[in-house]
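Worksheet for the structure shown next.
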Amino acid sequence: MNAGPRRAVLAAAAVLLLVSAVSCGRKTDPITPDSPRPAAVTGIRVAVRDAVAYLSWPVPAKNVEGKSLDPAEIRGFRVYRAEAGRDRKRPLYRQVAEISMANPAPAEVRNGIVNWSDTGLQYGRVYVYRVRAYSMKGGVSGYSDEVRAAPLLSLSPPKNLAAESGDTVVTLTWDAVTTKSDGSLHQGFVGYVIYRGMGPGKYDEAPLNKEPVAAAMYRDTTVANGKQYYYRVRTVDSPVKPWQESLDSLEVPATPRDTTPPEPPTNITVVPGIGRVFLTWSENKESDLAGYHVYRSVKGGAGYERLTAKPLNRSTFSDETVKQGTTYYYVITAVDKSGNESRRSKEQKTYTEKIR
């Protein structure tokens, strides 16, 4: 190739390189994906009852860069435990639990809080815990802050907890506690705190009673009829905080029910007619009233037969099954929506004359 064409080719190549360079400069910077590493767990808490440490912590909602992280991206947690030595050396941790968010049992996740308990600890030792989260994409968080637990011998938990449901009340009873959890006799203060939940194992964090009760009995009057509640009781060793709580009693359910019947109907009027007897009465004022039943007998004070298949939703009734020349006795009852039936009204007597 001679010099002229060669220079033309080189010039064209230079132009293409220049255009390519300019085009590349117009592209946006490549997007860096958010880190898959969750932020370190914060807010970890621990409570100790007897030889069990109860840990709880919130599921991280951010990654290590401080950006929002969908809790569904958290695959699980690893719990590490060490014993705090008296020589002030750094604790030697080992993993004692791995909690999967897909199947956390025996841990529990509720309202974004993970709850896990470490059992079988030994009295007189101090345990140190920390937690790490790991994500669906394999990122692992840093360690949480350390929390410490020192198991102490506590009172025995209450036994034979029983619940009796009433009308807007649940009465709890249990055996009085006189021993520590190792079976030795306890000589000091014994009180009880009561916990209530709306589902099995799902309890409010604070007890129902602000101060321990001394008797082995408690009446919960803050319940509503028709709702199911769950209860458990713990023993405490002091009338004021900080008290040490025992392990939980067994759980008992209770469903309060309306057992209060309406008042009996009043102002009953019985009017005999041809082939029938017509009854009227004053309406009851109960808000949960379902209706009325009408009863009849051919002798006073006994042998009543119910004439209504289901409660009447009105305060009138026409008995069209009467016979001529017969004396009848009527009483009326009121029924509420829980099926409670009132006492009988005052008896009313009437006579159906024969038609001549």
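Read-outs: derived from the displayed coordinates by stated rules, not from any lab. Please read all numbers here as calculations on a predicted model, not as lab measurements. All Cβ positions, even for glycine, are placed from backbone atoms using ideal geometry, and neighbour counts span all protein chains on display.
The figures follow:
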read-out	value
Span per principal axis, largest first, for the Cα atoms of the stretch 212-279 (Å)	80, 21, 16
For a label point 7 Å along the Cα-to-beta-carbon line of ALA150, residues of the stretch 39-57 with backbone N under 17 Å	46-54
For the stretch 269-352, radius of gyration divided by Kirkwood radius, i.e. Rg to Rh on alpha-carbons	0.97
Prolate/oblate/rounded label for the stretch 162-254 (Cα gyration tensor, a/c 1.5)	prolate
Fraction of alpha-carbon pairs over 19 Å apart in the stretch 45-149 - percent	44
Kirkwood-type radius of the chain, with distances r between different C-alpha atoms, in Å	28.1
Values of log10 I(q)/I(0), in the order q = 0.14 Å⁻¹, for the stretch 245-288 under a Debye, Cα-only, solvent-free model	-0.62
